[in-house]
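**Student:** The structure under discussion is supplied below as structure tokens; questions concerning it will follow.
The values are calculated or read from the model by the stated rules, or taken from the named source; none is laboratory data. Just so we're clear, the structure is a prediction, and the values are computed from it rather than from any experiment. Cβ placement follows ideal geometry from the backbone for every residue including glycine, while neighbour counts extend to all protein chains displayed.
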Amino acid sequence: MLKEFKADLHIHTCLSPCTDFEMAPSRIIEKSRENKLDLIAICDHNSSENVDALMKACHDQKIRVIPGMEVTSKEEVHILALFENRDKAIEFQEVIYDNLPGKNEEDLYGMQVVVNEKGEVIDFNQKLLIGATTLSVEDIVEYIHSFNGLAIASHIDREAFSIIGQLGFIPPDLELDALEISPRIDYYEAQGKFNFSFPLICSSDAHYLDEIGRGFTIFLIESANIYEIKKALKEENGRKILKVSRNV
Ligand SMILES: [Zn+2]
Ligand SMILES: [Zn+2]
């Protein structure tokens, strides 16, 4: 049976250096519940190390977590990668780590906190997660698909770190599954402005608790997984996007 799932598919945790430590698993889930989200995706910069904690913290909760990552290409374009399960995300992370040079400088960029499901610190990631990988946009999309994931261009309405802002266009053969708009732009305005043949979704790109759910997409799907989302993006078997909106 098809059901409505209110989704925010772009949420950072305390692992991203540009976030606050308040982005801990239980608080993210609490805030998601307050905003009546059924489905969230955890997408930290160039890492999926806190995905596990969020998935465990969500156990027995009504909210479902999709493991993801926000990858930075060598052109400084942000691409969201969403996966079927935790193992796929971690395998993908190995590819990203192999192509991510540099070391974090906490004083300059912030702490990169790996936590468990209780929000207890288990490690500080030392990689330069805020940096760019050596992979092109095309490489990244290809890798995401080789792990059966969904590849979505992040916040295309923003100048910084978006495919439009950095490249000025979307390469014609790039097989993106969707384009994401941020809550800064209205959906109808975005439809007129970005007249591409890709489906549009909206998510929050939350770096702080108060931002969770500010952008959302309501999917009509059978269950909370990326294959159902993929069908909704392609409008297959009755699956579809019901609403793309923001709370600002
Ligand atoms: Zn981004
Ligand atoms: Zn982001």
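**Student:** Examine region 45-58 for a residue that is in a loop (DSSP other than H, G, I, E, B) and modelled with pLDDT under 95, and state whether such a residue exists.
**Tutor:** For region 45-58, residues in a loop (DSSP other than H, G, I, E, B) and modelled with pLDDT under 95: present.
**Student:** If I ask for residues that are under 20 Å from I241 (Cβ atoms), within 16 Å of ligand 2 (Cβ to nearest atom), outside any strand (DSSP E or B) and touching a helix residue (DSSP H, G or I) at 6+ places or on another chain (Cβ under 6 Å), which ones from region 158-204 would you list?
**Tutor:** S204
**Student:** Answer with yes or no whether K62 is touching a residue at least 40 places away in the same chain (Cβ under 8 Å) and among the charged types (D, E, K, R).
**Tutor:** Considered against the rule, which asks whether it is touching a residue at least 40 places away in the same chain (Cβ under 8 Å) and among the charged types (D, E, K, R), K62 comes out as no.
**Student:** Within region 24-69, which residues are within 15 Å of ligand 1 (Cβ to nearest atom) and more than 24 Å from S223 (Cβ to Cβ)?
**Tutor:** Once the filter is applied, which keeps residues that are within 15 Å of ligand 1 (Cβ to nearest atom) and more than 24 Å from S223 (Cβ to Cβ), region 24-69 yields D44, H45, N46, S47.
**Student:** Here is a follow-up. Take region 116-153 and flag every residue that is in a strand (DSSP E or B), under 19 Å from L54 (Cβ atoms) and more than 18 Å from the chain's Cα centre (by Cα).
**Tutor:** If the condition is that a residue be in a strand (DSSP E or B), under 19 Å from L54 (Cβ atoms) and more than 18 Å from the chain's Cα centre (by Cα), then V121, I122, D123, F124 are the ones that fit.
**Student:** What residue, among those in region 221-248 that are touching a residue at least 40 places away in the same chain (Cβ under 8 Å), out of contact with any Phe, Trp or Tyr (no Cβ under 8 Å at 6 or more places or on another chain) and not in a loop (DSSP other than H, G, I, E, B), is surrounded by the fewest Cβ atoms within 10 Å (Cβ to Cβ)?
**Tutor:** Checked region 221-248; the qualifying residue surrounded by the fewest Cβ atoms within 10 Å (Cβ to Cβ) is Y227.
**Student:** Can you list residue pairs whose Cβ atoms sit under 7 Å apart, with the first residue in region 85-111 being over 22 Å from E228 (Cβ atoms) and the second being at pLDDT 95 or above and surrounded by fewer than 14 Cβ atoms within 10 Å (Cβ to Cβ)? Count only pairs 6 or more apart in sequence or on different chains.
**Tutor:** From residues that are over 22 Å from E228 (Cβ atoms), the pairs are N99/T134; P101/T134; K103/Q126; N104/Q126; M111/F124.
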